[in-house]
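Have a look at the structure below before the remarks.
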Amino acid sequence: MTTAAFFVVLPPEPYKINTIPSSYCHMLFLNKVLFMTIVMVLVWLVPSNSSGQTATVWGTVTDQKSKAVDLAHVTVIGSPGGVTTDRNGRFEIRIPSDTVVRLGFSFIGFDQQEFLLRLKPNERRQLDVTLIEGATMLPSLEVRDEKLRSTSLTRLNPKQAMQIPSSGGGIEDLIKTLPGVSSNNELSSQYTVRGGNFDENLVYVNDIEIYRPFLVRSGQQEGLSFLNSALVSSILFSAGGFNAEYGDKLSSVLDITYKRPTETAGSVSASLLGAEMHVEGSQANRRFTYLVGARYKTTAYLLNALETQGSYRPDFSDIQSMISYGLHPKWELSLLGYYSRNKYNLIPESRQTDFGTIQEAYRLNIYFEGQEVDRYETGMGAITLSHKPDKNLELKLIASAFSTVESETYDVLGQYWIGRLETSPGDEQFGNVVQAQGVGSFLEHARNYFDAQVVNLEHKATLIGSNSVTKWGLKFQHQRIHDRVHEWEMIDSAGYSLPIVPWEPDNPTPGRPDFQLNQSVRADNRININSYSAFVQQAWNFFNRKGEEFVLTAGVRANYWNYGKEFKLSPRASVAYKPNWERKMVFRLAGGVYNQPPFYRELRLFDGSLYPDSRSQQSFHLVGGTDLNFTAWNRPFVFTGEAYYKFLNNLIPYEVDNVRIRYYADQEARGYAAGLDFKVNGEFVKGVESWMSMSLMKTEEDIRDDFTDIWVDAEGKRVYTRQLAADTIRLFPGMIPRPSDQRFNFSIFFQDYIPGYPTFRVHLKLLFGTSLPFGPPNAQRSGQTLRMPPYRRVDIGFSKQLVGEHSVLRPNSPFRYIRNSWISLEVFNLLQISNTISYIWVKDIENRQYAVPNYLTPRQVNLKLVVEF
């Protein structure tokens, strides 16, 4: 026998859901009333035994977690009548004395318990019973989320975010396995979507927009993301073509909803990478609910395996809470609070990296002095007042404030040595340095401080009609930013700051160039920006005579920001069509305009100054897709396919170094992104969900008025010194790959368990992405068209459930309050692949540049214990 549990959630119109016919529900209700009436009459009619012929059994009925079972049925088997337990699980029943009686205890979802008793007349005996969850086949009921199938939103199970093997944030790692999403850095929670960048993704928690730190340069500095997997109840994600209700970004939206607790619960987890805990509960008939989570993370274990050896002291922690209180049946107040303290301290010592090809291999050795200290402290508070005048109308007023205080300070001196390796396997010096190529040194200095406050005041509303849903909203945002940047880099003895003076036999006193820094930025910027936005959106649901269903959604957003004195309209629409076929399919088409006003990052030039004439970036989306529900191996599956084209206008070109984005704020570009996304998800193994995703994509841009001048000699051959040049030719690059031009992506999230032992599970995550463009530092964007190696990574986790539904715990067991517990062994980078995230550029004495790869983490093991109460 097996147990099946289901929930029927009726969504607001116009979205349709397959439910049991109302006539059938009424029949079930009448049958239940009739049955209970007959039982009560029989109990009343059964004659009572005299006091001398009966005995009494009393006690408590609980489940395996020592919780009282209300309305459990207690009866003398073979006799009519019986009693039920009260809300505390207590019961008391009279049974015949001086005879063997079978006393039965039963409740839906639990195995029936039977006890043989023989009591003396007038005897009272206590009997406490623990019911064990059993297996009862219930009628199947199929509930489909038609609302989501009619939009571009994908729903994910938050529990899978707790199970996926991850060295960072669980939710973001889950998002990275979806089609259209790309990430080449396991140390970062950032991701790109369909040719966009990290700054083009919207993230909401309970309708509140979330921001990320500004000064972070690499994934190892990043720390904790805002999203706490233990607090999440719903995950919705769209890779493009989303509705007007979502804000002004170009690429994607991640919509997170935190839990609304109904009972007291909590969890604790610990691993080699840190610890987490959370507690939740409700009081006063669920009018007051609370949700609190705290996390501590240290990646020293991972970072000590990197090629740069030294003293790593990362220290990341945060705490957040969600509290709600029902002021009135129609009024509710909720508070969201968050504070995060991230500190990253590095004292580098040395580094050794082998690079190049089989025929031409090199080794770079660097010896360091100095240290780096980075701090990122962020806080956010939000208050939401919700009002429901009636069941069809909900009004919200949201006030939120975000603050970040960041500092980046370092003084690092590096002295490097480049040597050529012997590549002949038969040579006794194979693998050793046989020739010195150059030596040099660099000194990097920074005293950067960044403070920002973002205040939002927003109104949102939802009105549900008979076959339509109307949404509207208004928002005011104020940004206050103070940025102090002072950084420079000096490279010496390798053709940079002190270039080699060419020897001229006829000139005994050649000119000596001035001392120059390779890079210098100094600025002190203060800026205040106000922006205003509004949206209105309408959705209709209707059927034609053939029983075919249509869902049409149309809306428009308006945005004005005072820095650029720019007003933008963003109309968006989508239509979903569900034919009345035996094979269940849904077709979708969405399109619209997406305008993204620049944040501070997009306004700052490379020299630290602000560009005054920046305009909003713009993207025109056209997305067509289909969902196909099918059955394979007698298990349900869903195939999803989407084709998209995005025309990009007023783009601000940028370059990426690790997770740091630097914008060419004074330049503009136009471009496009086009691709195909596919996903198959379902029960590849019975009872657990897995999926495979594949994406094909190409994105390019053409920077306005960009060109490159090259020197040629008298024969038209290119030369690299002005003295040898006879002419200059101007080249216009045209379309070039964008930094996120990753042509092919493939990912798998797979779950399995040992047959017959479902408490032993395996969770596998596979990511593959083709080469991304890159280029030398301080070069024009048109010169950044080299390609780094593909990203390939496999993470796997083996888990054993220690306590769960299968566990039988005694009432006095110290583990009786544990609802679920498991231990996991995670293996990161199972195939030991050296993935490249960025490059360090060095020169030899002859001014030749070498791109030395910065590799990500090697294979490592993590042990994790999770306990849920």
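The values are calculated or read from the model by the stated rules, or taken from the named source; none is laboratory data. Treat the numbers as computed from the prediction; the structure is a model and nothing was measured. All Cβ positions, glycine included, derive from the backbone under ideal geometry; neighbour counts span all protein chains shown. Areas reflect the complete protein model, heavy atoms only, side chains present, ligands, DNA and RNA absent. Shrake-Rupley method; radii C 1.70, N 1.55, O 1.52, S 1.80 Å.
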Item to check | In Hz, Karplus ³J(HN,Hα) per residue of region 603-620 (6.51, -1.76, 1.60; θ = phi - 60°; x = Gly, Pro) | outcome: 8, 8, 7, 4, 8, x, 6, 9, 8, x, 10, 6, 10, 5, 6, 9, 9, 9
Item to check | When the convex hull of its Cα atoms is projected in every direction, mean area for region 571-670 (nm²) | outcome: 9.8
Next on the checklist: Output the 0 to 90 degree angle, nearest 10, between the alpha-carbon long axis of helix 22-45 and the longest principal axis computed from the alpha carbons of the chain.
Outcome noted: 40
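Quick one: compute the contact order of the chain, relative version, from alpha carbon pairs under 8 angstrom and 6+ residues apart, as a percent.
It comes to 10 percent, rounded to a whole number.
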Next on the checklist: Leaving out ligands, DNA and RNA, and with a 1.4 Å probe, what % of the accessible surface on the chain is carbon or sulfur?
Outcome noted: 57
Item to check | Accessible area expressed per residue, region 333-389, with surrounding protein chains retained (probe 1.4 Å, Å²) | outcome: 45
Item to check | region 709-840 - Rg (one decimal) and Dmax (whole number), Cα, Å | outcome: 28.0, 95
Next on the checklist: Can you give me the accessible area per residue for region 526-650, using a 1.4 Å probe, in Å²?
Outcome noted: 48
Item to check | Solution diffusion estimate, µm²/s, Stokes-Einstein, region 608-759, Kirkwood Rh from C-alpha pairs, 20 °C, viscosity 1.002 mPa s | outcome: 106
Item to check | Intensity falloff of region 239-278 expressed as log10 I(q)/I(0), Debye formula with alpha-carbon point scatterers, at q = 0.14, 0.24, 0.26, 0.31 Å⁻¹ | outcome: -0.64, -0.82, -0.90, -1.14
Next on the checklist: For LYS578, give me every one of the lysines with a C-alpha distance below 26 angstrom, ignoring sequence neighbours fewer than eight places off in its own chain.
Outcome noted: LYS16, LYS147, LYS471, LYS546, LYS646, LYS679
Next on the checklist: Tell me the Kirkwood radius of region 811-868: reciprocal of the mean inverse pair distance over distinct alpha-carbon atoms, in Å.
Outcome noted: 15.9
Next on the checklist: Sort 715-725, 576-586 by packing, meaning the average of other beta carbons within 10 Å per residue, with the highest value first.
Outcome noted: 576-586, 715-725
Checklist outcome for this item: Between the alpha carbon centres of region 226-261 and region 75-108 the gap in Å comes to 51
Checklist outcome for this item: Of THR308, THR553, ordered by accessible area with the largest first and a 1.4 Å probe, the sequence is THR308, THR553
Next on the checklist: Let me understand region 142-258 better: what is its radius of gyration from the alpha carbons, and its Dmax, in angstrom?
Outcome noted: 13.9, 49
Item to check | For the chain, calculated [θ]222 nm from helices alone, where every DSSP H run of n ≥ 4 adds -39500 (n - 2.57) | outcome: -1500 deg cm²/dmol
Item to check | Heavy atoms of TRP540 accessible to a 1.4 Å probe, total area in Å² rounded to 10 | outcome: 100
Item to check | Inter-label distance for MET735 and SER834, nm, one decimal - labels placed 7 Å from Cα along Cα-to-Cβ | outcome: 3.6
Checklist entry - If VAL688, VAL455 are ordered by their accessible area, calculated over protein heavy atoms with a 1.4 Å probe, which sequence runs from highest to lowest? => result VAL455, VAL688
Checklist outcome for this item: In the chain the DSSP beta bridges are antiparallel at a rate, in percent to nearest 5, of 95
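Can you give me the accessible area per residue for region 766-869, using a 1.4 Å probe, in Å²?
I get 47 Å² per residue for this part.
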Checklist entry - Want the number for TRP488 to SER424: 0.36 nm per residue separation, take away the alpha-carbon distance, what's left? => result 18.9 nm
Item to check | All-pairs Cα distance distribution in region 413-453, expressed in whole percent, bin size 5 Å | outcome: 6, 18, 14, 11, 10, 10, 8, 6, 5, 5, 4, 2, 0
Item to check | Net +/- balance of residues flanking VAL83 in space, Cβ distance below 11 Å, scoring K and R +1, D and E -1 | outcome: 0
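In a shell of Cβ-Cβ distance under 13 Å around THR257, excluding THR257 itself, what net charge do Lys and Arg (+1) and Asp and Glu (-1) give?
Values: positive: ARG155, LYS259, ARG260; negative: ASP207, ASP255.
It works out to a net charge of +1.
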Checklist entry - Given a 1.4 Å probe and the protein chains all in place, what does the accessible area of HIS459 round to, in Å² to the nearest 10? => result 50
Checklist entry - Packing-wise, with mean Cβ within 10 Å as the measure, how do 698-708, 218-228, 156-166 rank, highest first? => result 218-228, 156-166, 698-708
Checklist entry - Ranked from the most accessible area to the least, with a 1.4 Å probe and all protein chains present, what is the order of SER271, SER238? => result SER271, SER238
Checklist outcome for this item: Heavy-atom accessible area of PHE110, protein chains in place, probe 1.4 angstrom, given in Å² to nearest 10, is 40
